[in-house]
Protein chains: 2
Amino acid sequence: MSPQSAPQAPLSLETVFAPVRSQTAFEETVDRLGTAIKLGLLPAGERLPAERELCQKLGIARSTLRQALTALGQSGYLHAVRGRGGGTFVVDEPPRGADRSELSPTDWREICDERLAVEVGVAVLAVSRATEAQLRVLDELVVGLDDCIEDYPAYRQADVRFHVGLAELTGSSRLVVAMTQCQGRMSDLIHHIAHPPEVLAHSNAQHARLLAAIRANDVGAAVSTMTEHLQGTEHILAGLLPG
Amino acid sequence: MSPQSAPQAPLSLETVFAPVRSQTAFEETVDRLGTAIKLGLLPAGERLPAERELCQKLGIARSTLRQALTALGQSGYLHAVRGRGGGTFVVDEPPRGADRSELSPTDWREICDERLAVEVGVAVLAVSRATEAQLRVLDELVVGLDDCIEDYPAYRQADVRFHVGLAELTGSSRLVVAMTQCQGRMSDLIHHIAHPPEVLAHSNAQHARLLAAIRANDVGAAVSTMTEHLQGTEHILAGLLPG
DNA sequence: CCATAAAGGTCTGATCGTCCGTCCTCTGGC
DNA sequence: GCCAGAGGACGGACGATCAGACCTTTATGG
């Protein structure tokens with residue numbers, strides 16, 4: 001009856017009948033490697049495993065892998081070196097260019113919601129599982145972050161490493177994957193907005209408080225610190241994006 | 001050097017080069033519908049949309065959809081009725097039979113970790129977003145759950161509806177999907193273990209306390225109640241499964 | 001009683017992604 | 001100068017998927 005023919009079914013049924021979107025192996029590979037590069041998980045200059053080895057790890061044919069590598073090469077993320085001792089390398093200066101955009105209001109909110117779930121879940125698990133050694137590594141990352149509050153791209157890369165590092169200390173690879181994907185989506189979202197040093201400094205202070213809460217085995221503090229931390233970016237997005 | 005040739009790379013790199021596992025449209029459809037039926041999201045006797053309509057919603061060809069429907073029919077979950085007024089229906093008594101098993105120790109722990117993330121994240125968001133009307137629906141579900149603590153299959157179905165209902169009131173379809181998948185995996189895990197009425201009663205009391213915490217806008221209580229709730233099943237699994 | 005509509009059931013041809021294997025080309029080191 | 005290790009290129013086979021036309025069943029209404 002409504003002019004917009006609003007979906008009446010409950011969310012759960014909507015999702016059951018939502019489009020089945022199966023990525024091809026090619027697409028998924030481009031996505032996986034591309035995200036890893038953009039996030040800095042594969043640092044500039046890094047050499048990928050040899051094609052014949054990598055295609056086995058990825059469980060795909062070499063020709064399919066090459067399609068993906070070629071695509072990433074054309075986009076300027078990889079360059080191949082032939083001959084013995086060659087290989088495929090992450091380019092030294094990955095393109096900063098605009099990558100994607102066009103997010104609907106519901107999209108970006110859902111992305112933030114999913115991130116909140118993953119980050120809070122990781123924080124809860126980290127409290128009971130983190131070892132002192134692991135925490136010290138993250139301590140250093142926080143120190144490093146303080147040094148680049150004037151250089152956003154560098155800050156963002158270290159920020160990603162910090163959050164992925166949190167996920168790593170849960171020991172759950174599924175959560176690491178989830179965290180990586182969330183960070184990739186967040187990067188797409190926040191790529192174009194301003195990041196004044198004061199904001200980054202404040203954000204990094206929350207990193208430090210988070211680590212303290214984890215050390216103190218204080219689940220409540222960890223959750224609330226993380227929640228605040230995430231709401232920071234969310235408020236900025238709410239002011240800038242549609243919705 | 002170790003005899004097991006342990007993976008030395010950090011988790012995040014392992015996951016970047018982990019196998020690309022792209023399900024086919026057929027597989028994903030069987031999975032989607034099969035899970036929805038097993039979880040009770042598509043209740044017994046429910047009629048699915050007509051094939052010509054459903055394949056559009058799912059974004060796949062009708063022939064592919066039919067493969068999936070045929071497979072689910074042969075597994076005893078669906079039956080088709082020809083002629084006008086016919087359709088494809090969820091069977092009245094879906095097979096209880098053993099479905100899957102063979103989970104490695106790392107697998108089931110990671111499944112529980114992911115569930116914890118989703119459930120805790122949902123709980124946090126629910127605190128700020130739940131409306132009284134939505135909460136009352138969940139209240140009734142809790143009452144209904146109390147009535148079937150003697151009948152585990154019925155309890156489990158209502159339990160799933162409760163948890164998916166929590167996800168629904170965040171308004172985020174991504175979280176609904178994540179919750180659904182987690183519940184599906186959990187069902188596979190806990191299908192075969194004992195569920196004495198006392199345990200179910202205790203579990204349902206936690207549901208009630210969770211709703212109270214959400215009503216009171218008490219994030220801390222919601223998180224801790226949810227955490228306890230999940231640890232209940234996790235401890236049982238730890239006693240029964242390898243690892 | 002027959003026509004029609006609405007549903008599932010069947011078939012076929014084309015396309016596309018992927019795999020596998022083979023061979024070529026380049027390049028540094030022994 | 002040979003060889004090993006790397007990327008690069010090609011072609012055939014196969015399977016999944018798609019699009020569409022057509023058939024069969026069945027309830028309903030004129």
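The values are calculated or read from the model by the stated rules, or taken from the named source; none is laboratory data. Note that this is a predicted model, so its numbers are computed, not measured. Cβ placement follows ideal geometry from the backbone for every residue including glycine, while neighbour counts extend to all protein chains displayed. Surface accessibility is based on the protein's heavy atoms, side chains included, excluding ligands, DNA and RNA. Shrake-Rupley method; radii C 1.70, N 1.55, O 1.52, S 1.80 Å.
Report which residues of the range B:19-58 become buried by 40 Å² or more of accessible surface when going from the isolated chain to the complete set of protein chains (1.4 Å probe; DNA, RNA and ligands ignored).
Residues shielded by partner chains are B:20, B:22, B:28, B:32, B:41, B:57, B:58.
Report, to the nearest whole %, how much of the accessible area of the range A:1-88 belongs to carbon and sulfur atoms, 1.4 Å probe, protein only. Please report the intermediate quantities before stating the final value.
On the way: 2550 of 5100 Å².
Ligands and nucleic acids excluded, carbon and sulfur reach 50 percent.
Once every Cα of the range A:19-76 carries one equal point scatterer and solvent is ignored, give the base-10 log of I(q)/I(0) from the Debye formula at q = 0.15, 0.16, 0.20, 0.24 Å⁻¹, two decimals.
So the normalised log intensities are -0.43, -0.49, -0.76, -1.05.
Could you pull out every residue, at least 5 positions away or on a different chain, whose amide H is within less than 5 Å of the one on residue A:42? Hs are placed 1.01 Å off N in the peptide plane, and Pro or chain starts have none.
The answer is A:37.
Could you sort A:37, A:149 by their accessible area in this structure, using a 1.4 Å probe and putting the largest first?
On the way: A:37 5, A:149 35 Å².
From most accessible down to least: A:149, A:37.
With a 1.4 Å probe and every protein chain left in place, tell me how much accessible area residue B:26 has, in Å² to the nearest 10.
Its heavy atoms expose roughly 70 Å² to the probe.
With the other protein chains left in place, how much accessible area per residue, in square angstrom, belongs to chain B at a 1.4 angstrom probe?
Details: 12010 Å² over 243 residues.
Per-residue value: 49 Å².
How would you classify the range B:124-196 from its alpha-carbon gyration tensor, with a ≥ b ≥ c the square roots of the eigenvalues: rounded for a/c under 1.5, else prolate if a/b is greater than b/c, otherwise oblate? Walk me through the numbers on the way to the answer.
Numbers: a/c = 3.20, a/b = 1.37, b/c = 2.34.
Cα axes put the range B:124-196 in the oblate bin.
So who's got an amide H within less than 5 Å of the one on residue A:191, skipping anything under 5 residues away but keeping other chains? H placed 1.01 Å off N, in plane.
Here nothing satisfies the definition.
Just to verify a number: what accessible area does residue B:207 come out at with the full protein assembly present, 1.4 Å probe, Å² rounded to tens?
Estimated to the nearest 10 Å², residue B:207 gives 0 Å².
In the protein assembly as shown, if every C-alpha pair distance is counted and binned at 10 Å from zero, what percent goes to each bin?
The distribution over the protein assembly as shown is 4, 17, 27, 27, 17, 6, 1, 0, given as percents.
What ³J(HN,Hα) values, in whole Hz, does the Karplus curve 6.51 cos²θ - 1.76 cosθ + 1.60 give for the range B:171-184 when θ = phi - 60°, with x put for Gly and Pro?
Couplings: x, 9, 5, 4, 6, 4, 4, 4, 4, 4, 5, 4, 4, x Hz.
Quick one: accessible surface of residue B:57, probe radius 1.4 Å, all protein chains present, in square angstrom to the nearest 10.
Counting only protein heavy atoms, residue B:57 exposes about 90 Å² to solvent.
Output ³J(HN,Hα) for the range B:153-170: one whole-Hz value per residue in order, computed from phi by the Karplus curve 6.51 cos²θ - 1.76 cosθ + 1.60 with θ = phi - 60°, and x for Gly and Pro.
Couplings: x, 5, 4, 4, 4, 5, 4, 4, 4, 4, 5, 5, x, 4, 4, 4, 7, 7 Hz.
Please state the relative contact order of chain A as a whole percent: Cα pairs under 8 Å, 6+ residues apart?
Working: 216 pairs, mean separation 50.5, N = 243.
Relative contact order, chain A: 21 percent.
Go through the range B:46-155 and name the GluC sites (Glu not before Pro) that are in a DSSP coil and have 10 or fewer other Cβ atoms within 10 Å of their Cβ.
Sparse-neighbourhood loop GluC sites (Glu not before Pro): B:102.
Quote the total accessible area buried by chains B and A together, excluding ligands, DNA and RNA, probe 1.4 Å, nearest 100 Å².
Numbers: alone 14240 and 14220 Å², together 24010 Å².
Accessible area lost upon association: around 4400 Å².
Kirkwood-based Rg over Rh for chain B (C-alpha set), two decimals?
Numbers: Rg = 19.8 Å, Rh = 19.9 Å.
Value, to two decimals: 1.00.
Using just the Cα positions, wrap the range A:130-243 in a convex hull and report its mean projected area in square nanometres, one decimal place.
Working: hull surface 28.3 nm².
Here the figure is 7.1 nm², rounded to one decimal.
How much of the accessible area of the range B:91-220, probe 1.4 Å, is carbon plus sulfur, in whole percent?
Values: 3060 of 5810 Å².
Here it works out to 53 percent.
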